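> Submitted below is the structure of interest, expressed as structure tokens.
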Amino acid sequence: MATAVAASPAQSRKTETYTDTKRRDDVRGLNIAAARAVADAVRTSLGPRGMDKMISSGDQEVIITNDGATILSRMSLLQPAARMLAELSRSQDAAAGDGTTTVVVLAGSLLRRAQSLLSAGAHPTAAADALHRLATRAVEGLHAMAIPIELSDRDSLVKSASTALNSKVVSQYSSLLSPLAVDAALSVVDPAHPDLLDLRDIRVVKKLGGTVDDTELIRGLIFDKKASHAAGGPTRVENAKIAVIQFQVSPPKTDIEQSVIVSDYAQMDRILREERNYILGMVKKIKASGCNALLIQKSILRDAVTDLSLHYLAKAKILVVKDVERDEIEFITKTLNCLPIANIEHFREDKLGYADLVEEVSVGESKIVKITGIKDMGRTATVLVRGSNQLVIDEAERSLHDALCVIRCLVNKRFLIAGGGAPEIEMSMQLAAWAKELQGMESYCIKEFAEALEVIPYTLAENAGLNPISIVTELRNRHAKGEKNAGINVRKGQITNILEENVVQPLLVSTSAITLACECVRMILKIDDIVTVR
């Protein structure tokens, strides 16, 4: 009897296994709440009728934008899960360039559904696995909906660029900026690599004055600085032979910081004479090669040019543009199809670039140097963006970048898809139907997450001032009848065939948004504790 009594406490310890999961649930709930707060902050910026945000930083800098990536990159977020959503937006910007707000709103909606699943007793791992299967299935469904296009179909490219620009502050200028972005992008696509588009080959120069209407694409080069006017140098050169130099046209200095004291006047004269001869010798070598336009890289060690060297260069009728930034050299040499010259001894005619005209032109209140008619020009493009104030110019540049990214997506993956919430509703319905074929917890999770995709059309309708519930119900009804491309037309405030309205977007934007959002939500769901390390 005594042995039986002694055994019972040990037995009870084995069977009664109560684990306290409250802390884990709290951490998960905290992460989800923080990430949803970030998603709700940018949600009002979604779509063509989305609101803009004014971002004011500590140093009095103000930005007005509705680009999700820009808003989130400027927010100072302390909570790690909230920072994950900001990084998610940055990833979408890198992968597709557009849809940065969509991806965050989608992640917020998926987290909301995940929270209701967890409170209903679902295990986080089961929810995360269901989300992975859902993302794979959704991408397959989007591929089935997509319309293949060719790069020669300029109209389709312009339509997709317009769709990207319609939700921006500068949307009224989309008819000008869309063709400009398409022409700039297509001019830099290399026929040897037709599925690659490097946006570093497109340079955007911002100039205050005028309006966004004055923005233009320039077949050549622009420098946001004036030609050197010292000693009456030329400001216009025809049949230019252009050299890009990385050495200094100024007297040499000692390698280490030291001062030389000269007390004898004869020695002083000799030093000055030697300096003059040294610079004159350099200018003569430059002139002997036939060069008549000189682009001089900015120097850190000593002055790149002095008044004396500018005087001699002006005498030799050579146009000078000084203080060219180091990181612009690669772009300039690629455009001019020339080589940068690092030493005066290597200054030869075969390293020069050739152009019909180099001239200084007035733009607004300031001047710029323009090089046009470049012979054997490299595959680059320059866009001159104008605007009435700095805020408009900055936003125009960001919008132009988004339009260029959209075209880059189409170059990489040549498929278009309808916009206006059509693909999201179609996916939501297809995935809900698929969930009915599955069993157990997975079926329940996928049904919940499928409904989360409806947040995009719901938000589009809400931001456009329509009744979101009736619009989404009507949209579901139309898709159930087989109208795959029915979407929300915010201009007319009703459901129409969105392809006929020319509202299209690259397939890569939608697939990337769903994949990245699901990946981010899975990561947040799998976190059950936050450990701080000092």
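The values are calculated or read from the model by the stated rules, or taken from the named source; none is laboratory data. Bear in mind the structure is a predicted one, so any value in this text is a computation, not a measurement. With ideal geometry, Cβ positions are generated from the backbone for all residues, glycine too; neighbour counts draw on all protein chains shown. Heavy atoms of the whole protein, side chains included, go into the accessibility calculation; ligands, DNA and RNA do not. Shrake-Rupley method; radii C 1.70, N 1.55, O 1.52, S 1.80 Å.
> Which count do you get for residues in region 165-182 that are in contact with a strand residue (DSSP E or B) (Cβ under 7 Å, 6 or more places away or on another chain) and in a helix (DSSP H, G or I)?
In the first step, residues of region 165-182 are kept if they are in contact with a strand residue (DSSP E or B) (Cβ under 7 Å, 6 or more places away or on another chain); the result is 169, 180.
Restricting the remaining residues to those that are in a helix (DSSP H, G or I) gives 180.
Result for region 165-182: 1.
> With the structure loaded, tell me whether Val321 is in contact with a strand residue (DSSP E or B) (Cβ under 9 Å, 6 or more places away or on another chain) and either β-branched (Val, Ile, Thr) or open to solvent by 100 Å² or more (accessible area, probe 1.4 Å) (or both) or whether it fails that test. Give the derivation first.
Details: in contact with a strand residue (DSSP E or B) (Cβ under 9 Å, 6 or more places away or on another chain): yes; either β-branched (Val, Ile, Thr) or open to solvent by 100 Å² or more (accessible area, probe 1.4 Å) (or both): yes.
Here the answer is yes, as Val321 does meet what is asked.
> Could you give me the residue pairs with C-beta distances under 8 Å whose first residue belongs to region 207-233 and is farther than 18 Å from Leu391 by Cα, whose second residue is part of a helix (DSSP H, G or I) and open to solvent by 60 Å² or more (accessible area, probe 1.4 Å) wherever it lies, and which are 6+ apart or on separate chains?
Hits for this filter: Ala230/Asp307; Ala230/His311; Ala231/Asp307; Ala231/His311; Ala231/Lys315.
> Condition test on Lys226, is it in a strand (DSSP E or B) and either surrounded by fewer than 19 Cβ atoms within 10 Å (Cβ to Cβ) or on the phi > 0 side of the Ramachandran plot (or both)? Even if it seems obvious, please write down each step before you answer.
On the way: in a strand (DSSP E or B): no; either surrounded by fewer than 19 Cβ atoms within 10 Å (Cβ to Cβ) or on the phi > 0 side of the Ramachandran plot (or both): yes.
Spelling it out, it is not the case that Lys226 is in a strand (DSSP E or B) and either surrounded by fewer than 19 Cβ atoms within 10 Å (Cβ to Cβ) or on the phi > 0 side of the Ramachandran plot (or both).
Yes or no, residue by residue, for (1) among the hydroxyl-bearing types (Ser, Thr, Tyr); (2) in contact with a Ser or Thr (Cβ under 6 Å, 6 or more places away or on another chain); (3) over 20 Å from Glu325 (Cβ atoms):
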{"residue": "Ser250", "(1), (2), (3)": "yes, yes, no"}
{"residue": "Gln258", "(1), (2), (3)": "no, no, yes"}
{"residue": "Ala288", "(1), (2), (3)": "no, no, yes"}
{"residue": "Ile300", "(1), (2), (3)": "no, no, no"}
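> Same structure, new question: Quickly run through region 365-397 and pick out the residues that are without any contact (Cβ under 8 Å) to a residue 60 or more places away in the chain and among the acidic types (Asp, Glu).
Scanning region 365-397 gives a single hit, Asp376.
> So, Leu106, is that one part of a helix (DSSP H, G or I) and touching a residue at least 24 places away in the same chain (Cβ under 8 Å) or not? Step through it out loud before you land on a result.
Values: part of a helix (DSSP H, G or I): yes; touching a residue at least 24 places away in the same chain (Cβ under 8 Å): yes.
Yes; evaluated as a whole, the condition is true for this residue.
> What number goes with the only condition from (1) touching a residue at least 12 places away in the same chain (Cβ under 8 Å); (2) within 36 Å of the chain's Cα centre (by Cα) that Tyr312 does not pass?
Going through (1) touching a residue at least 12 places away in the same chain (Cβ under 8 Å); (2) within 36 Å of the chain's Cα centre (by Cα) one by one, Tyr312 breaks only (2).
> Between Gly108, Gly99, which is in contact with a Lys or Arg (Cβ under 8 Å, 6 or more places away or on another chain) and closer than 22 Å to Thr70 by Cα?
On the way: Gly99 fails: in contact with a Lys or Arg (Cβ under 8 Å, 6 or more places away or on another chain).
Every option except Gly108 fails the conditions.
> Is it the case that region 382-391 has a residue that's within 31 Å of the chain's Cα centre (by Cα), surrounded by fewer than 18 Cβ atoms within 10 Å (Cβ to Cβ) and hydroxyl-bearing (Ser, Thr, Tyr)? Walk me through how you get there before you give the answer.
Quick first cut of region 382-391, residues within 31 Å of the chain's Cα centre (by Cα) only: 382-391.
Cutting the leftovers down to surrounded by fewer than 18 Cβ atoms within 10 Å (Cβ to Cβ) gives us 388-391.
Filter again for hydroxyl-bearing (Ser, Thr, Tyr), leaving 388.
Scanning region 382-391, I find at least one residue that is within 31 Å of the chain's Cα centre (by Cα), surrounded by fewer than 18 Cβ atoms within 10 Å (Cβ to Cβ) and hydroxyl-bearing (Ser, Thr, Tyr), so the answer is yes.
> Now, a different point. Hey, does region 331-347 have a residue that's of a type in the set (Gly, Ala, Ser) and open to solvent by 20 Å² or more (accessible area, probe 1.4 Å)?
Initially, region 331-347 is screened for residues of a type in the set (Gly, Ala, Ser), giving 342.
Those left that are additionally open to solvent by 20 Å² or more (accessible area, probe 1.4 Å): 342.
So far as region 331-347 goes, yes, one or more of its residues are of a type in the set (Gly, Ala, Ser) and open to solvent by 20 Å² or more (accessible area, probe 1.4 Å).
> Kindly provide the set of residues from region 445-473 that are among the β-branched types (Val, Ile, Thr) and either buried (at least 24 other Cβ atoms within 10 Å of the Cβ) or in contact (Cβ under 8 Å) with a residue 12 or more places away in the chain (or both), ordered by number.
Of region 445-473, the ones among the β-branched types (Val, Ile, Thr) are 446, 455-456, 459, 469, 471-473.
Of everything in region 445-473, those that are among the β-branched types (Val, Ile, Thr) and either buried (at least 24 other Cβ atoms within 10 Å of the Cβ) or in contact (Cβ under 8 Å) with a residue 12 or more places away in the chain (or both) turn out to be Ile446, Val455, Ile456, Thr459, Ile471, Val472.
> Give just the number: which of (1) part of a helix (DSSP H, G or I); (2) in contact (Cβ under 8 Å) with a residue 24 or more places away in the chain; (3) in contact with a Lys or Arg (Cβ under 9 Å, 6 or more places away or on another chain) does Ser45 not satisfy?
(1)
> While we're on this one: Kindly indicate which of Leu111, Leu118 is aliphatic (A, V, I, L, M) and open to solvent by 20 Å² or more (accessible area, probe 1.4 Å). Don't jump to the end; show me each part of the working.
Working: Leu111 fails: open to solvent by 20 Å² or more (accessible area, probe 1.4 Å).
So the residue among Leu111, Leu118 that is aliphatic (A, V, I, L, M) and open to solvent by 20 Å² or more (accessible area, probe 1.4 Å) is Leu118.
> Would you mind stating whether Glu238 is open to solvent by 60 Å² or more (accessible area, probe 1.4 Å), closer than 29 Å to Phe347 by Cβ and part of a helix (DSSP H, G or I)?
Numbers: open to solvent by 60 Å² or more (accessible area, probe 1.4 Å): yes; closer than 29 Å to Phe347 by Cβ: yes; part of a helix (DSSP H, G or I): no.
No: the conditions fail for Glu238.
> Taking the condition over 30 Å from Val411 (Cβ atoms) and assigned to a helix (DSSP H, G or I), does Ala128 pass? Walk me through how you get there before you give the answer.
Values: over 30 Å from Val411 (Cβ atoms): yes; assigned to a helix (DSSP H, G or I): yes.
So Ala128 passes the test.
> Just a yes or no: is a residue in region 296-310 open to solvent by less than 80 Å² (accessible area, probe 1.4 Å), assigned by the TED database to the domain that holds Leu272, touching a strand residue (DSSP E or B) at 6+ places or on another chain (Cβ under 8 Å) and assigned to a helix (DSSP H, G or I)?
Within region 296-310 (the criterion being open to solvent by less than 80 Å² (accessible area, probe 1.4 Å), assigned by the TED database to the domain that holds Leu272, touching a strand residue (DSSP E or B) at 6+ places or on another chain (Cβ under 8 Å) and assigned to a helix (DSSP H, G or I)), the answer is yes, since at least one residue qualifies.
> Related question: Out of the residues in region 53-86 that are assigned to a helix (DSSP H, G or I) and within 11 Å of Ala35 (Cβ to Cβ), state the one that is nearest to the chain's Cα centre (by Cα).
Start the filter on region 53-86 by keeping residues that are assigned to a helix (DSSP H, G or I), which leaves 68-74, 80-86.
Subsequent filtering for residues that are within 11 Å of Ala35 (Cβ to Cβ) retains 80-86.
Details: Pro80: 23, Ala81: 23, Ala82: 21, Arg83: 19, Met84: 18, Leu85: 17, Ala86: 14 Å.
Per the stated criteria, the residue is Ala86.
> Run down Leu88, Leu180, Leu134 and say which single residue is farther than 24 Å from Ala69 by Cα, in contact with a Leu (Cβ under 8 Å, 6 or more places away or on another chain) and touching a residue at least 60 places away in the same chain (Cβ under 8 Å).
Working: Leu88 fails: farther than 24 Å from Ala69 by Cα; Leu180 fails: farther than 24 Å from Ala69 by Cα.
Testing whether each residue is farther than 24 Å from Ala69 by Cα, in contact with a Leu (Cβ under 8 Å, 6 or more places away or on another chain) and touching a residue at least 60 places away in the same chain (Cβ under 8 Å) leaves just Leu134.
> Further question on the same structure: Which of (1) in contact with a helix residue (DSSP H, G or I) (Cβ under 9 Å, 6 or more places away or on another chain); (2) among the small types (Gly, Ala, Ser); (3) assigned to a loop (DSSP other than H, G, I, E, B); (4) over 22 Å from Ile498 (Cα atoms) is the odd one out, the single condition Ser152 does not satisfy?
Of (1) in contact with a helix residue (DSSP H, G or I) (Cβ under 9 Å, 6 or more places away or on another chain); (2) among the small types (Gly, Ala, Ser); (3) assigned to a loop (DSSP other than H, G, I, E, B); (4) over 22 Å from Ile498 (Cα atoms), only one is false for Ser152: (1).
> Identify the residue in region 253-267 that is closer than 22 Å to Ala304 by Cα and out of contact with any Lys or Arg (no Cβ under 8 Å at 6 or more places or on another chain) and, among all such residues, is most open to solvent (accessible area, probe 1.4 Å). Show your work before the answer.
Taking region 253-267 first, the residues closer than 22 Å to Ala304 by Cα are 253-260.
Then drop every residue that is not out of contact with any Lys or Arg (no Cβ under 8 Å at 6 or more places or on another chain), which leaves 254-260.
Working: Thr254: 76, Asp255: 159, Ile256: 114, Glu257: 183, Gln258: 100, Ser259: 102, Val260: 112 Å².
Ranking the candidates gives Glu257 first.
> What's the number of the only condition in (1) closer than 23 Å to Lys287 by Cα; (2) out of contact with any Cys (no Cβ under 6 Å at 6 or more places or on another chain); (3) buried (at least 18 other Cβ atoms within 10 Å of the Cβ) that Asp350 fails to meet?
Every listed condition holds for Asp350 apart from (3).
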